[in-house]
1. Of all residues being crowded, with 18+ Cβ neighbours inside 10 Å and of a type in the set (A, V, I, L, M, F, W, C) in the stretch 144-163, which is nearest to A199 (Cα to Cα)? Just the residue, please.
2. If the Cβ limit is 6 Å and pairs must be 6+ apart or interchain, which residue in the stretch 68-88 that is over 26 Å from K133 (Cα atoms) pairs with which residue that is part of a strand (DSSP E or B) and of a type in the set (K, R)?
3. Inspect all residues belonging to the stretch 86-94 and state whether any of them is surrounded by fewer than 22 Cβ atoms within 10 Å (Cβ to Cβ) and at pLDDT below 85.
4. A189 fails exactly one of the following numbered conditions: (1) under 24 Å from E96 (Cβ atoms); (2) in contact with a Phe, Trp or Tyr (Cβ under 6 Å, 6 or more places away or on another chain); (3) not charged (D, E, K, R). What is the number of that condition?
5. When the stretch 165-216 is examined, which residues are found to be under 25 Å from Q237 (Cβ atoms), among the polar types (S, T, N, Q) and not in a helix (DSSP H, G or I)?
6. Which one of these does L132 not meet: (1) without any contact (Cβ under 8 Å) to a residue 24 or more places away in the chain; (2) surrounded by 16 or more Cβ atoms within 10 Å (Cβ to Cβ)?
7. Which one is farthest from R222 (Cα to Cα), of the residues in the stretch 164-194 that are at pLDDT 95 or above and open to solvent by 40 Å² or more (accessible area, probe 1.4 Å)?
8. Could you give me the residue pairs with C-beta distances under 7 Å whose first residue belongs to the stretch 198-211 and is under 17 Å from V151 (Cβ atoms), whose second residue is in a loop (DSSP other than H, G, I, E, B) and open to solvent by 40 Å² or more (accessible area, probe 1.4 Å) wherever it lies, and which are 6+ apart or on separate chains?
Amino acid sequence: MQINTEGLVLMEKSVGESDRLVTVLTRDEGVIRAFAQQAKRLQNRKLSSTQLLSYSRLSVYKGRDKYIINDAWPIESFFDLRLDMERLSLAQYFCELAVVLAPEEAEAGDFLRLMLNSLHFLAKGLRPGLQLKAVVEMRMLALAGYMPDLVCCRDCGCYEADTMFFLPRSGGIVCGDCFSPTPQQEEPAIPLPRGVMTALRHTIYADFDKLFSFRLSDDGLRLLADASEQYLLCTVQRRFATLDFYHQMTRP
């Protein structure tokens, strides 16, 4: 069966002297792994269309047990990301997240839209990296069915307080009045001031058109990114090599 779709290359691997095996987040088929034959030959337009972070129009043959990219036309290469190692490492982390969380052989337009917008803001330097990191982590988890409950305090129903405690293992929140910092506390808790709590809610509840339209101080962004990362790691129960590398790149 022949499929015409659009996709973002999340991973690439050389096969032989001239072929590539690529992992692509497509609009219509979700995450697929496909062979791009002769893709490394200089005169073949698949050379640029199937490299890491390329967003391309794809003509794909779907066989019984494999995909083959017959042709590809580049739309966006996000070339600016390759000029800054910190931004590139964050982009590669986003790609690894998509490989793990986006569906396979199913429609994934929302995942693709999230990735493309995030990479655009990252490449152009239009949003801080920590803000994009938190948005991608939380929104991608929500799209994958792991949305936390940030509506109100799980104990008393309080919606807003000067400090809310985020519980990354269970994905809930507790207000300052209900929180009891004792050895018997069931799980770790992250104290979030009012503005950071609002931003964390925004990452999962905001309409997509407004998803990236919030601002925090540098300290607030660090708190937000820490909360989103801890929730991600507690939820998926695995490490990400690209995340570890990103932390190495940003370590003072």
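1. Result: L150.
2. W73/R57
3. No, the stretch 86-94 has no match at all.
4. Only one criterion in (1) under 24 Å from E96 (Cβ atoms); (2) in contact with a Phe, Trp or Tyr (Cβ under 6 Å, 6 or more places away or on another chain); (3) not charged (D, E, K, R) is unmet by A189, namely (1).
5. S170, Q184, Q185
6. With respect to (1) without any contact (Cβ under 8 Å) to a residue 24 or more places away in the chain; (2) surrounded by 16 or more Cβ atoms within 10 Å (Cβ to Cβ), L132 is out only on (1).
7. This residue is R194.
8. Taking only residues 6 or more apart or on different chains, the pairs are A199/L216; I204/M147.
The values are calculated or read from the model by the stated rules, or taken from the named source; none is laboratory data. The structure presented is a predicted model; accordingly, all values stated were derived computationally and were not measured. As a convention, Cβ positions derive from the backbone with ideal geometry for all residues, glycine included, and neighbour counts pool all protein chains shown. The protein model used for the area step is the full one, side chains on, heavy atoms only, and it has no ligands, DNA or RNA in it. Shrake-Rupley method; radii C 1.70, N 1.55, O 1.52, S 1.80 Å.
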